[in-house]
């Protein structure tokens, strides 16, 4: 499977009968729309509010019944979406679907962080001043699931005009210190990403997919950028750790950073914030050594 929409799906979402769904997502900053293999997921608070897939019989929409404790909600319209009326019925149900997700949340906190990263760097008020765009979230690879795939695209006027300064970024989000170790901890994810990037074919395929996804999202109005992404640079990807709500009084993160496995196919960095927020700015992207020095200064 590859990320991205067929010509028909893209056309229907851009200017056809599915366009009201795209327009709703653009108008409602609590939502984000991500492209999958000829389907889209609309996320709310990190959870999958709506999945719309193209099939041989038309488009099929679905809402996760786990938000209703496994019972099919009466608010959900018929799954088959064939015309503007069907789209309108699903959009009318969005407030009730949101409420169900607010009352019965089932997603880990890091999923909401992913969505906030998308908002602030792709289409929020500061998107054009940050130095990164988010191409995709929840990317399924042959070596696990990568939380964030991004492009480093510096915001200086000279850099924005260049077509050779776009660096691939693979990011891992962790929320709180309880998530940084164990089977799904930092070391495990660094090893998974290293293993995936070790195969040049995997890296080339990932770059091709993300160019396609970025440009389709930009054309759909989901990324506030003036130019298409032509290609990624030949620089090694950045392996970016996005650690939310670390407690500086705890020493475990410092211990894990000092013992991180080597990353021969990517350059390891940690994201910090410019005061508060989820905008990714170059001066706040730290080497492990700089991050350790900052943490040590907080003790």
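Okay, residues lined up against (1) in contact with a strand residue (DSSP E or B) (Cβ under 7 Å, 6 or more places away or on another chain); (2) closer than 15 Å to residue 214 by Cα; (3) in the same structural domain as residue 148 (by TED's automatic domain parsing):
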{"site": "14", "(1), (2), (3)": "no, yes, no"}
{"site": "20", "(1), (2), (3)": "no, no, no"}
{"site": "28", "(1), (2), (3)": "no, no, no"}
{"site": "32", "(1), (2), (3)": "yes, yes, no"}
{"site": "35", "(1), (2), (3)": "yes, yes, no"}
{"site": "38", "(1), (2), (3)": "yes, yes, no"}
{"site": "48", "(1), (2), (3)": "yes, no, no"}
Might you check whether a residue that is more than 20 Å from residue 197 (Cβ to Cβ), touching a strand residue (DSSP E or B) at 6+ places or on another chain (Cβ under 6 Å) and modelled with pLDDT under 95 occurs anywhere in the range 135-150? no
Unmet criterion (only one of (1) closer than 27 Å to residue 174 by Cα; (2) touching a helix residue (DSSP H, G or I) at 6+ places or on another chain (Cβ under 7 Å); (3) touching a residue at least 40 places away in the same chain (Cβ under 8 Å)) for residue 31: (3)
In the range 27-50, anything assigned to a loop (DSSP other than H, G, I, E, B) and surrounded by 15 or more Cβ atoms within 10 Å (Cβ to Cβ) is listed as 36, 38, 45, 46
Residues satisfying the stated conditions in the range 13-26, i.e. assigned to a helix (DSSP H, G or I) and buried (at least 21 other Cβ atoms within 10 Å of the Cβ): 13, 21, 25
Pick from 100, 76: which is over 24 Å from residue 173 (Cα atoms), in a helix (DSSP H, G or I) and touching a helix residue (DSSP H, G or I) at 6+ places or on another chain (Cβ under 8 Å)? 100
Please state which one of 90, 153 is assigned by TED's automatic domain parsing to the domain that holds residue 25 and in contact with a helix residue (DSSP H, G or I) (Cβ under 8 Å, 6 or more places away or on another chain). 90
Counted residues, the range 225-239 - those being over 20 Å from residue 128 (Cβ atoms) and either out of contact with any helix residue (DSSP H, G or I) (no Cβ under 9 Å at 6 or more places or on another chain) or surrounded by 18 or more Cβ atoms within 10 Å (Cβ to Cβ) (or both): 7
Filter result (touching a helix residue (DSSP H, G or I) at 6+ places or on another chain (Cβ under 7 Å), within 20 Å of residue 31 (Cβ to Cβ) and not in a strand (DSSP E or B)) within the range 51-71: 63, 67, 68
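The values are calculated or read from the model by the stated rules, or taken from the named source; none is laboratory data. Source: prediction; values computed, not measured. Counting neighbours? That spans all protein chains shown, and the Cβs are built from the backbone with ideal geometry, glycine included.
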